[in-house]
Structures are given as structure tokens and as C-alpha cells.
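To start, the structure under review is shown below, and the notes come after it.
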Amino acid sequence: MSGEPGQTSVAPPPGEVEPGSGVRIMVEYCEPCGFEATYLELASAVKEQYPGIEIESRLGGTGAFEIEINGQLVFSKLENGGFPYEKDLIEAIRRASKGEPLEKITNSRPPCIIL
């Protein structure tokens, strides 16, 4: 057996591909804006649905919450003014995992505003 002691990996049955395998997501977000919690929540939901997905983050500019799937920008908070709905991102990942063309996510939920 290979691997580090203490590490366990649950592989899919032979002949099956783990859901989300081959799909890479990059989320760029503004940390000073407090968007890390939104990223972590979204990443958790994505990983739950697609355990084989590769999801990474990087710090972005003021107000940024940008999502790329396999190098293609699919969501931009800077353009839409809000955050993506999980269901829309999950659908985009489903399309990417099947090799279907990706469309930009234009629906967004408004950011939380405290008065």
C-alpha cells in the first residue's frame, strides 16, 4: 500500500469516476470584505455534492468573489453585485464534469447589508 500513515482515501468502485473528477474550481475573494466565510460555505456544499472536485482559493481585490471552472470565469460578484446561488454553481459543475459548454451564472443573491 502507498500513502502516508494515517491518511485514508475512499476510492470509487473500479470503472467509476468520482463525481467532479477532472473539474477544477478557483474562487478569488476579498478577505478584508469578510467573504472568506462565504467561500468556505460554498466550498463545503460543492465538496459534499462532488467529492472528487479540486477547489482552490486565492485572495482578490476589493469586493471580489470570482469563480472559475477549468479556467473559465463563470461568476463575477464585481459584475453581478451579489453571491452565486449554490444550485447554479452545482449545475455549472455538473455541466463541466460532462464536458458540456459552460454559461456564465447571472443570478445572484444580494450581499448581506446591516443597517
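The values are calculated or read from the model by the stated rules, or taken from the named source; none is laboratory data. Just so it is clear, the model here is predicted, and its values are computed rather than measured. Counting neighbours? That spans all protein chains shown, and the Cβs are built from the backbone with ideal geometry, glycine included. Heads up: the accessible areas ignore ligands, DNA and RNA and are worked out on the full protein's heavy atoms, side chains in. Shrake-Rupley method; radii C 1.70, N 1.55, O 1.52, S 1.80 Å.
Annotations
- For the range 24-98: accessible area per residue (Å², 1.4 Å): 49 Å²
- Temperature 10 °C, viscosity 1.306 mPa s: under these conditions the Stokes-Einstein estimate for the range 24-98, based on its Kirkwood radius over C-alpha pairs, is 129 µm² per second.
- Taking a sphere under 12 Å around the Cβ of LEU78 and counting the other residues whose Cβ falls inside, with K and R at +1 and D and E at -1, yields a net charge of -2.
- Normalised by the number of residues in the range 24-98, the mean separation of alpha-carbon contacts (under 8 Å, six or more apart) gives a relative contact order of 35 percent.
- Surface composition of the range 24-98: carbon plus sulfur atoms hold 45% of the accessible area, using a 1.4 angstrom probe and ignoring ligands, DNA and RNA.
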